[in-house]
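Where a number appears in this text, it was derived from the coordinates with a stated rule and is not lab data. Please read all numbers here as calculations on a predicted model, not as lab measurements. Neighbour counts are summed over all protein chains in view; Cβ atoms, including those assigned to glycine, are modelled from backbone coordinates with ideal geometry.
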Amino acid sequence: MIEWSSFVIVAAATWISAIIVITLFSSAVRMRAVHLDRVEEGRGNSLLKAGYWAVFSICGLVVLLGVYLIVPALHGA
């Protein structure tokens with residue numbers, strides 16, 4: 001028998017996680033595009049460059065956390 005409450009929790013967590021990863025990644029891509037445009041104009045911003053690398057890093061960490069939670073061999077479950 002299917003435990004529907006557990007199914008709904010997993011489905012909701014999947015949707016929320018996907019939205020978070022997509023939003024982080026697209027934000028970092030947009031920040032990089034703005035930075036490259038500013039560099040072409042001769043007014044680059046190192047803070048913006050550090051910002052998009054930080055957002056890319058957070059996105060990667062969220063993905064790695066998801067892999068860790070999915071693969072039982074990684075956490076001894």
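Under a GNM of the chain (C-alpha, springs under 10 Å), which listed residue has the highest mean-square fluctuation: 60, 42, 51?
Of the options given, 42 has the highest mean-square fluctuation.
Quick one: length gained pulling residue 13 to residue 73 fully straight, 0.36 nm per residue minus the C-alpha distance?
Working it through step by step, the gained length comes to 19.5 nm.
Once you list every other residue whose beta carbon is under 14 Å from the beta carbon of residue 32, what net charge do they have if Lys and Arg are +1 and Asp and Glu are -1?
Values: positive: 30, 38, 49; negative: 37, 40.
With Lys, Arg at +1 and Asp, Glu at -1, the neighbours total +1.
Determine, for 35, 75, the number of other Cβ atoms within 10 Å of each Cβ, and report the residues in order from fewest to most.
Fewest-to-most Cβ neighbours within 10 Å comes out as 75, 35.
Quote to one decimal, in nm, the extra length available between residue 23 and residue 40 on full extension: 0.36 nm per residue of separation minus the C-alpha distance between them.
3.5 nm
Between 0 and 90 degrees, rounded to the nearest ten: what's the tilt of helix 46-70 against the longest Cα principal axis of the chain?
Here the helix axis deviates by roughly 10 degrees.
Expressed as cubic angstrom per residue, what is the convex hull volume of the alpha carbon set of the stretch 17-75?
Numbers: hull volume 3.7 nm³, N = 59.
Roughly 63 Å³ of hull volume per residue.
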